[in-house]
Every structure is written in C-alpha cells, then in structure tokens.
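What follows is a single structure, written as structure tokens, with notes after it.
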Amino acid sequence: MIVDIHGHLGSPGDFFVPEPSAQWLLRMADRVGIDAIGVSHFVALNLDARRGNTMAIDLATQYPGRLGAWLVANPHDRDGDRVIADQLDVPGVWGLKVHPDFHSVPVLDRRYERYLRLAADHSVPVLSHGQTRSDYSDPADLAEVARRHPGLTLLVGHAGLWTDGFARAAELAAAQPGLHLEIAGSRLTTRWLERMVAIAGADKVLFGTDANFLDPRVGLGKVVHSRLADADRELVLGGNAVRLLGRRLPPHRQPSREQDLLGRRG
Amino acid sequence: MLVFDAHRLLGPIPSDDVTTTDLDGLVAELDHLAIDACAVSCTAEIFGDPRSEHTRETVAAWLAAEAAPTRHLTAQVIIPAGTSGWPSTPEDILGAAPALVRACPVRHHFDPLGPVARSWWRELAAHDIPVALDAGECGLPLISALAATHPRLRILVLSAGYRELRRLAELLETFPGVYIETGTLVAAGAVEWLAREYGPDRLVFGTGAPLWDDAGPRFLLDHLELPEPDVEMVAAGSARELIGERWPW
C-alpha cells in the first residue's frame, strides 16, 4: 500500500498552482499507484482553521479510503482544541496538523500544549511543518515536543526542509521515540533519502509529497528510484503509515501497484 | 523514447558528497534513471574560476576521459567580460562551435546587460548558440531583460522553481527564444499546464542533478498526462530543436 502522508487541497495563495482540485489529485494518484493521501486544506492553514477543517473532513467523507483529513490546530483559536476534540473520531480524520511557521507561534509555545495533549490522549498522530533553523519549527524543537509528550506520534514535516539539516533531523528521529520524518519537499534527493533511512531507520521515515502544493508524481519518483532495499522502501511508502494510523486508515481498495512501479525502475 | 537531460553538473560540489565526480559516475547515474544523454557543465567552471589554469587543467582531464562522447555534450561556462572574463573574446567560443554555453552573471559578477556581454550575446545569437542561465542564481527579471534586449538569442532557463509559473508564462508568451528546463517545475500539474498553454517544444527536460533531484522529474516524465508526441518533445525533441545542427545524436 502506498500512502502519501502529507498532502493539501485548495490553493496556497502566494503562487499559482495549476491543479488544486481533489479530482486531479486522485486521478494522478491512480496514475502512479498512490492508494491514500492525507490532506489539510489551505483554507485551514491560511485563513480559517475551523472552516478549512470542515472542508477537509467533507473531502475525506466524499472520497472514503482515498483522502484522509489532517485537522489544522490554530494556536490563536482559544477554543480550537474543543472544536477539534469533537471532530477527531469522525471517519476519515487522520490526526492534527500544526504549522508553527504559518501561525508565527513556536511549536514549544504553551498555546500548542492543549492540542498536543489532545493528540496524545486520543492516540492520533501530529504532522508538523518542520524547518531547520526556523524559530518556530526546528527539528530539535520538535524532538523536544516528542520528549515532553511520551506516546505522542510526531512527524517532522519535510524532514526539516533544508538539505543541510537532514542529517541532524535523522539523528534526532533515531534518538527520540515517537519522532518520525516525513519527506515531502523540493530539496530532497534520492541520495538524502537513502542517508536519512540509514541514520534514522526505515521505520522512522514516511513518504509524503506536499501535493497539491507540489506534484505528487515527483515525490513518489524519489522513493521509487532510490536505492533503498525493497523492505525499507515498502516501510517508507506505506508500511509505516499503516502502522501509525491504525484503524484510521481503511484497508486499501486493491492490491498495491508498488511492485509494478518497482518493476519499472530505471 | 529518447531522454536527454539538459541540465547536469560534472564534478564535485561544495555542499555535498556526490558520485558524479567523473564521467563514469555520471554515466552510472544516467543509466540508473534510463536517461540516454545529457548536457553537462563542469563544477570547476561554476564554483571555481573558469579563467584559472587549475580549472582549465581539471576540466580538460574530466572531459578527456571519453575520447568520443556518446552520452554527453558540454555546456561550457563563459564569462563575457573581456580580458577579465573567460574566454577573452567570443571568437574563442565560436571556434569551438559548442551546442550551448552557460553563464553565471551573479556568481561570476559580470553585467549581462553591459556593453561587453551585449556583444557576446549578439555573436551567440548570430551563430545559433543558446545560452543557459540559472534562474535561481540570477532571477527571472534579469533573464526577461536579457530576452527583451536580445530577441534573437535563445535562452534556456534552468532551475526556475515551482513558485514562478506566472513569470514563466509571461516569458514564454513574450519571447519566442526562451525555453524552460523542467526539473524544478514541480508544482502540481505545472509541466502539463505550460505544455498546453505554450507548447511542449518550449519545455526542455532537465534535472540540475546532483544539486537538484533527478529521480522525481524523470518519474514525472514517464507519467505525464500529455499525448505521447508531446512527452517525446519534452524528453528530447525540444532540446534537439534548441541545439539545432550541433545536436550530435
């Protein structure tokens, strides 16, 4: 099974994306064999978390088993955790999304605490934007969040984004239970993917594409064409997501096309 | 389908440990991704001083490893700045009849719109030699200004990035001599959108490897939602048209 753990829908706003729709995303997923995609909505990230989260849930409901919803935790919303608490068990919800950089609130700020406790209490994963050297989301700060919340599953989005931070992010993930790397991003190369798996372990690295911000086909190609061992590639592409999402990820619709893709490599 | 990567680097890079430090390593990477051939610039000319004797010796040694190149052509880096540049005159370049050249005006601190460079661009345009410019290095406004002042010069825009589709669209709309390398066009559906709006013959497959990822763009090429002839055009046909009679395959 291939699971894209990091996706979006809607338009990002600050630049032009030709294909922002769920229909296009699912057509491309079918084209390359991605079984399911977890999405947060740009309306939730950029403007209105409550409205955007409802839109993401609606999409997950419309495409059950294909789209999952990440609910954006807005640290500026004083009652946001209460609203999200009521939504966590809606079918199709995968977990919480935090974007400390968008919201200009460091991930260690107390305003995130209530969301992180909620996620830990409900055993739902948290996908955070991660950005090396950011005042808001440096991987070392995310590792500290994982340390403070034993049992929390925390994904470092983009594995820290910048290439010069990948090794440190991988070392942090290797050392901290609960801390995982998600690999979406334009800067990632197969070379760095292989190194991250070697440092952090294949069970700590999850496939993500940042679609429809980025093109999901490009992200998948990096994993398919990497020189990872097949067992490691299977964990990265979906095995880890299946394990971490548990019952929140319905069984996939059809046998995975992973082997087809691997057969077409180079 | 012939696949030609129009944007590759050969040699070590300062920010990473890479395998494409020699031609054998380069060919191994091409084979891994089923890329038939490529255009390479030597990193010694980009990160080093193209004028220095050390660089000239290094480049000569790297490229001499293959007596009859079958998998690559060389995009020599030029600095059109007279006696402080490399080479000293455009005639030195024209004599070698390169398939294309590359220029790094910001990195090498020369004025691409100044009088010396203008004379070079006129010569290159007159001899149908394209110039490759990295948008990440020098910015699209500068490339736009260059295209406006030299409409006959064919320009290959490298590493344009995924956030710049509006600017790229304007470039393609306004300047018929501008081509876009596809490696960093990774916004959702970007390659198909540009191909449908401006034609696949304006899009040149490339990666920027090893500084940039090559696996994703190569996988995308295999899964584009375009008619097969259009995919073939992006994969190598547009580069063949851009390079013209100097295309060796």
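Derivation of every value follows stated rules applied to the coordinates shown; laboratory data play no part. This structure is a prediction, so every number in the text was calculated from the model and none was measured. Because the Cβ atoms are built from the backbone with ideal geometry, glycine has one as well, and the counts that use them run over all protein chains shown.
So here's what we get for this one:
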quantity: Antiparallel %, DSSP beta bridges [both residues in chain B], to 5; calculated: 5
quantity: Rg(Cα)/(2.2 N^0.38 Å) for the range A:130-208, N = residue count; calculated: 0.95
quantity: Rounded to 5, percent antiparallel among DSSP beta bridges of chain A; calculated: 0
quantity: Isotropic mean projected area of the C-alpha convex hull, the protein assembly as shown (nm²); calculated: 22.6
quantity: Low-density loop positions, chymotrypsin sites (Phe, Trp or Tyr not before Pro), the range A:8-105 - DSSP coil, at most 15 other Cβ in 10 Å; calculated: A:F15
quantity: Which of A:V43, A:V17 has the fewest Cβ neighbours within 10 Å, and the rest in rising order; calculated: A:V43, A:V17
quantity: Long-range HN-HN contacts of B:A39 with modeled amide H, under 5 Å; calculated: B:D5, B:A6, B:H7, B:R8, B:L73
quantity: P(r) histogram, all alpha-carbon pairs of the range B:103-159 included - 5 Å bins from 0, percent; calculated: 4, 21, 34, 29, 11, 1
quantity: Computed over the range A:3-263, the ratio Rg/Rh where both radii use C-alpha atoms and Rh is Kirkwood; calculated: 0.93
quantity: Between the range A:3-22 and the range B:76-123, the Cα center-to-center distance that results, in Å; calculated: 41
quantity: Size of charge dipole - the range B:4-243 - debye, nearest 20, with Cβ of Lys, Arg +1 and Asp, Glu -1, no other charges; calculated: 860
quantity: DSSP-loop trypsin sites (Lys or Arg not before Pro) across the range A:14-113, with at most 14 other Cβ within 10 angstrom; calculated: A:R78
quantity: GNM result for chain A, Cα springs below 10 Å: residue of A:A170, A:A44, A:A85 fluctuating most strongly; calculated: A:A85
quantity: Fraction of antiparallel bridges per DSSP, the protein assembly as shown only, in percent to nearest 5; calculated: 5
quantity: About the Cα centre, charge dipole magnitude for the protein assembly as shown (Lys/Arg +1, Asp/Glu -1 at Cβ), debye; calculated: 1060
quantity: Rounded if a/c under 1.5, otherwise prolate or oblate - the range B:4-243, Cα gyration tensor axes; calculated: oblate
quantity: Choice from B:S52, B:S144, B:S41 showing the highest fluctuation, given a GNM over chain B with Cα pairs closer than 10 Å; calculated: B:S52
quantity: 5 angstrom amide H check on A:K97, placed H, neighbours 5+ away; calculated: A:L71, A:V72, A:A73, A:L127
quantity: Choice from B:A96, B:A236, B:A169 with maximal GNM fluctuation in chain B (Cα, 10 Å cutoff); calculated: B:A96
quantity: About the Cα centre, charge dipole magnitude for chain A (Lys/Arg +1, Asp/Glu -1 at Cβ), debye; calculated: 380
quantity: Sum of side-chain charges, A:R133 neighbourhood, beta-carbon under 15 Å (Lys, Arg +1; Asp, Glu -1); calculated: -3
quantity: Surrounding net charge for B:T149, when Lys and Arg each add one and Asp and Glu each subtract one, Cβ distance under 11 Å; calculated: +3
